[in-house]
1. Can you compute 3J(HN,Hα) from phi for each residue in the stretch 314-329, using the Karplus curve 6.51 cos²θ - 1.76 cosθ + 1.60 with θ = phi - 60°, rounded to whole Hz and x for Gly and Pro?
2. Could you tell me the center-to-center distance, by alpha carbons, between the stretch 265-289 and the stretch 180-224 in angstrom?
3. What distance in nm lies between label points placed 7 Å from Cα along the C-beta direction at Asp280 and Asp451?
4. HN-Hα J couplings of the stretch 191-196 from phi, Karplus 6.51/-1.76/1.60, θ = phi - 60°, integer Hz, Gly and Pro as x?
5. Which whole-angstrom value gives the distance between the alpha carbon centres of the stretch 102-158 and the stretch 31-81?
6. For a quick check: with amide H placed at 1.01 Å from N, whose amide H comes under 5 Å from Thr77's, ignoring anything fewer than 5 positions away on the same chain?
7. Fewest to most neighbouring Cβ within 10 Å: what's the order for Ile214, Ile336?
8. Modelling each spin label as a point 7 Å along the Cα-to-Cβ direction, I'd like the Asn201/Asn292 distance in nm, to one decimal.
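Bear in mind that the values in this text are calculations on the coordinates, not laboratory data. Quantities reported herein were computed from a predicted structural model and do not represent experimental measurements. Positions of Cβ are backbone-derived with ideal geometry, glycine not excepted, and every protein chain shown enters the neighbour counts.
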Amino acid sequence: MNMANAAANLIERHLGEYPEGTAANAGISNYGIQHEFADPSGAKMKAVVWEGKNTVKVVETAKPRIIENHDAIVKVTGTTICGSDLHLYHGAVIEMQKGDILGHEYMGIVEVVGSSVKNIKPGDRVVASFQISCGTCRFCVQKLSSQCERTNNSSVANAMYGHRTAGVLGYSHFAGGYAGAQAEYVRAPFADVNLLVLPDNVTDERALFLSDVIPTSYNCVQDTGIYEGDTVGIWGMGPIGLFAAKWAFVKGAKRVIAIDSVAWRLEYAKSKIPQIETIDFSKVKSVPEEINKIAPGGLDVALECAAGEYPKSILHKIETAIGLETDSSDTLNEMILSVRPYGRVGITGLYTGYTNHLNIGAIMQTGIRLIGNGQAPVLKYWEDILNNYIIPGKIDPNIMISHRIPLEEMEDLYAKFDKRDPKDGLMKVFVATKFSNPPGEGSPQLSSLKD
């Protein structure tokens, strides 16, 4: 993938920026490298930067300034690490550049706003959408913010997908090259659109994950379609899979079966959602056979909450290693064989390019609905989730949070989060900055990964 990353960067330079994707001043990924976009006071901040495959560093770099009149500068009070950040860490996502500031989920206090910002003001406590919506294109007016046509300037992404997709904070130049949120300050483009003002009665820990995880897991369930009495299988029991299970029960699922090979994650899921059933795929010969034993006739719905980066078979391990495919179809084929005829397969785990050996025949012959959930359109859901689920206490994002650690320990966090060691037990981590509030009720206290 290092060769693919280098090749993609060369192709991007050859093609030039996609002209429709520059409304938010894309491509500014580190204010200390691109000095003209730094705060003129010379103020500094701490931030996590990508240094190469499997290497990140916490560095001191320049604080951002207002660049466009629709920008805001937000003082970060909470950020996190996401399973999808590991794809960047591994070099599995193309168009990464050394020094890119990482992270796409954050909340904080607005410090300053541009002259065109009308609904957000300094002092507001806000959570930010991980994707960047312009608010005015044909998709954004429908709140389908993940398909914004004006905030991603990557010509490579446009060529691969045939359409624009939204810019994403801290997620490579393939997604616009925006400086990310694992930092003490963030520039928020189109602040009136991409920041949600929070009520005082919602703690930081319950608000932060409106940035991505909660809407993404909700979209996985809602977009695929889960109905009263359904039996659902979920591949991947990280935070997205865990909360997809929660949403599945909220939507009326009769049974939810979690599939993973990390035993402590399955145990964690069971401890938080006792009615969930589990399969450790490292201990069974065939996942579809095991599912058909415990759910005769197959699942109604299968949800992919892992990613295409993780091949299981020797064939796919070879093909991904030598660049014959970017994503493995191993998990998808398991899901296809595990659902009943006319069942539904939803894909939320990250797939970036091409896969080989997909069982297309089974999809056609049995009428299976293969549904790409897309990057979740956060703006479509976040107010509904906040007002109708979090505030009334119908869901509690705290069930995901296993740790609270300081931003300064993010290098250790990336390495440990990647290893998934049971003695660490890292599920979702609230990453605190020097601006963070004390932990809210039901949330872990600040600790150190060095203890």
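1. Working through the residues one at a time gives 4, 4, 6, 4, 5, 5, 6, 5, 9, x, 7, 8, 9, 9, 8, 9 Hz.
2. 29
3. Calculated label separation equals 2.7 nm.
4. 4, 4, 8, 9, 10, 10
5. 17
6. Met107, Gly108, Ile109
7. Neighbour counts put them in this order, fewest first: Ile336, Ile214.
8. The modelled label-to-label distance comes out at 5.2 nm.
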